[in-house]
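Below is one structure; the comments refer to it alone.
The values are calculated or read from the model by the stated rules, or taken from the named source; none is laboratory data. Since the structure is predicted, the reported quantities are computational estimates derived from the model, not experimental observations. No Cβ is skipped: glycine too gets one built from the backbone with ideal geometry, and neighbour counts run over all protein chains shown. The area values use the complete protein model at the heavy-atom level, side chains included, leaving out ligands, DNA and RNA. Shrake-Rupley method; radii C 1.70, N 1.55, O 1.52, S 1.80 Å.
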Amino acid sequence: MKHTKSLNFNIKTQFILLFFLTTFVKSLFSQSNITIVIESSDYAIALQTDNSKRLWHTYFGQRLTLPNEYISISKQLRYYERNEDYYNHAYTPSGTWNIAEPALRVMHADKNPSTELEYLSHVTTKLKDNIVQTVISMIDPLYKTEVQLFYKVYQKENVFEQWTVIKNNERGNIELKKYASANLYFRNKDFYLTQYHGTWATEMQPETHRLTAGIKILDSKLGARANLYAPPTFMLSFDEVATEDKGKVMLANLAWSGNYRFDFEKDRYDNLRLIAGANPHAAEYQLAPKESFETPHLIYAYSENGKGEASRNIHRWARKYRIFDGEGDRLTLLNNWEATFFDFDENKIVNLFDGAKKLGVDLFLLDDGWFANKYPRNDDNAGLGDWQENKKKLPNGLGYLVKNATEKGIKFGIWIEPEMVNPKSELYENHLDWIIRQPDRKEYYYRNQLVLDLTNPKVQDHVFGVFDNILTKNTDIAYVKWDCNSIIYNAYSEYLAQQNLPQSHLYMEYVKGLYKVFERVRSKYPIIPIMLCSGGGGRVDYGALQYFGEFWISDNTAPVDRVFMHWDYSHFFPTIAMSAHVTNWDKTASIKYRTDVASMGKLGFDIEVDKLNKDELKYCQEAVKNYNSFSDTLWKGDQYRLQSPYENSFASFQYVDEKKNKSIMFSYLVNNRFEIIYSVEPVQLKGLDFSKKYKVKELNLFPNTTTPIDETVVYSGDYLMKVGLNPKISRERKSVVLEVSAVK
Ligand code: DGJ
């Protein structure tokens, strides 16, 4: 009896609740609510206002066929039972109704920390063919703080770029305590985050895990070269871990070379709130009346057809819209870093030019160690900051080297690290106030150096000046490698103190100052290729890549490690931007294996060419020629990750040109265990034309070896993609490069 009674009661209660709930849900959204739809070719984000003008995420997923059906999505949602169940705000404020992680925290002029945001207006504009931008304006009804949410959509590529502008409309200063670029909401069964971590020489190691209730935070607080331990990059799989060809997946990167923070919060519905932006840690930002603050931009590609498609889309986007000269060509080179380190002089360098010539590469790149006199740069303890040629090493200056290289028919490039300083330098002695350091505390160094204070316009002039002086004096310099090796300790800016600005502006202003310098460099030098280097991959993001055509993945050039790193970086960045050099880092690997691996990136060498034996030299010369013959496909074509090094004894990658006439397949043995040391089965190719016929040719054969591949066979694209091709990998053939060309 008792039981039935309570059951009756429960049913009754439920009915009553349901009645109220339906009425409440109805009253929350009515006909006059505004629906905003942000669409790419295949996907859409829908937002809708409620009756109190709050803006909610109602949808993220495939585009709906009937546009007017976005309006009714909110009718299917019943979150709004109680205030504490509101999680899907378009840009969650704090201090009022919200109890979840906020996107925005503001301390108003009267020291009140509460903010509410009401929808004001929105406008959608077609900026260019393929690019549509929606700007949503919101306002705090009490303090009139204005927030604009920007959504720029690259239609064909299904790439979204989101950022926020916050404006102070009060009479006094306000303080931004959190200022996300984007706040997204996903309703899925499960979420799997792939994050990346590492340190010097072990960059970009992936780790995938299921997100559980609570908040997972990825962040960086390093200030400069902020990606050293963890890049501002993640992959988010929805429902289950995406594979190359299946699954819902987002590939994201914060276009920002400074501190960042990503919050992944699973709410009580098991939905996911994503809040992404610059790291507000120790970085509260004061806005004077009428001033606006623009956040960094979050870039993401979304696909429901696996990570392969998402990668190809972000690659296309990056080449076309983001990376400096993304659709141009690149220079192959010989670098002296690992060949000489700091130990060289003019003659040694000039002799190395012959090596570049012999290899057939385009350029010679002179690395670290060429400058400073009072404290010569003979190791990494001294000289950084003093950008005059070292008279002992280079008595005739850089000009002599440039001239000599030009006479030998190769171009000349130079290494710089203008943002940094060794305490043992004239720059340190003369401009202590230009350096980020605590005036009355012990200094802490990273690689024996400190970071210059780019919040200071004079320091910006200096850094620009380093680049400009070298290039003005040596107009024929054809390439620059821009390095950056220290993180920020003892964060304190003399300049901000002098200007009476808060020290907490340092992290934001450092990066803004850096970008101002890059802007100046690019407006005066719009053509010269510059490599983005940061002791390896300590600064790889789509903010910096606007100014740089390529980046240095890692100082670790051991080819097996590079196969793995290439695999992971290739999810987010196109091959044209990934510099890869043949070095002696792992001498146990053959020159062929090392070169075949580097040939999958932007090829360079960092070896003493004179030390190659006859066959090795012949092989390298041939490899450079081959590289030149397929670089267009590699740099501008579509990439397919065929077989992962994490799950197989050998990895395979493939690149296909736009017309599907030419393809290059790279395969690398990555595991030496006995039972799996040869390729037993074929690897299915991708991206070819089913109806075309193809021939296969092995490239980069070592002298006096022959290919086991039958190059006379004509295959259909259908066969190559359904059955596949066995690259015949074995201990004796650790790396195989195959060219697949359409025949008539
Ligand atoms: C770090 C870079 O990653 C290396 O390639 C080299 O340029 C050194 N710096 C020079 O100091």
Of all residues in region 541-567, count the ones that are farther than 11 Å from residue 324 by Cα, hydrophobic (A, V, I, L, M, F, W, C), in a loop (DSSP other than H, G, I, E, B) and away from the ligand (no atom under 12 Å from the Cβ).
1
If only one of 208, 145, 212, 243 is crowded, with 19+ Cβ neighbours inside 10 Å and among the polar types (S, T, N, Q), which one is it?
145
Scanning region 668-711 for residues that are of a type in the set (S, T, N, Q) and closer than 17 Å to residue 642 by Cβ gives 671, 679, 684
(1) out of contact with any Pro (no Cβ under 6 Å at 6 or more places or on another chain); (2) away from the ligand (no atom under 16 Å from the Cβ); (3) hydrophobic (A, V, I, L, M, F, W, C) all hold for residue 532 apart from (2)
Out of 468, 440, 433, 461, I need the residue that is part of a loop (DSSP other than H, G, I, E, B) and farther than 29 Å from residue 554 by Cβ. Which one?
440
Unmet criterion (only one of (1) part of a strand (DSSP E or B); (2) out of contact with any strand residue (DSSP E or B) (no Cβ under 6 Å at 6 or more places or on another chain); (3) among the basic types (Lys, Arg)) for residue 481
(2)
Can you tell me which residues in region 141-174 are closer than 25 Å to residue 218 by Cβ and among the acidic types (Asp, Glu)?
157, 161
Matching residues, region 685-704, being open to solvent by less than 50 Å² (accessible area, probe 1.4 Å) and part of a loop (DSSP other than H, G, I, E, B)
685, 686, 687, 688, 689, 700, 703
Please state which of the following conditions residue 442 fails to meet, knowing it meets all the rest: (1) open to solvent by less than 40 Å² (accessible area, probe 1.4 Å); (2) over 24 Å from residue 354 (Cα atoms); (3) over 31 Å from the mean Cα position of the chain (by Cα).
(1)
Is at least one residue of region 183-193 touching a strand residue (DSSP E or B) at 6+ places or on another chain (Cβ under 8 Å) and over 20 Å from residue 270 (Cβ atoms)?
no
Of all strands (runs of 3 or more DSSP E) fully inside region 59-176, the set with 1 or more residues that are within 32 Å of the chain's Cα centre (by Cα) and over 30 Å from residue 503 (Cα atoms) is 118-128, 131-139, 146-154, 159-167
In region 58-92, anything in contact with a Leu (Cβ under 9 Å, 6 or more places away or on another chain) and under 23 Å from residue 32 (Cβ atoms) is listed as 58, 59, 70, 73, 74, 78, 80, 81, 88, 89, 90, 91
Restricting to helices (runs of 4 or more DSSP H) lying wholly in region 298-410: which have 3 or more residues that are within 16 Å of the ligand (Cβ to nearest atom), open to solvent by less than 60 Å² (accessible area, probe 1.4 Å) and under 27 Å from residue 469 (Cβ atoms)?
337-340
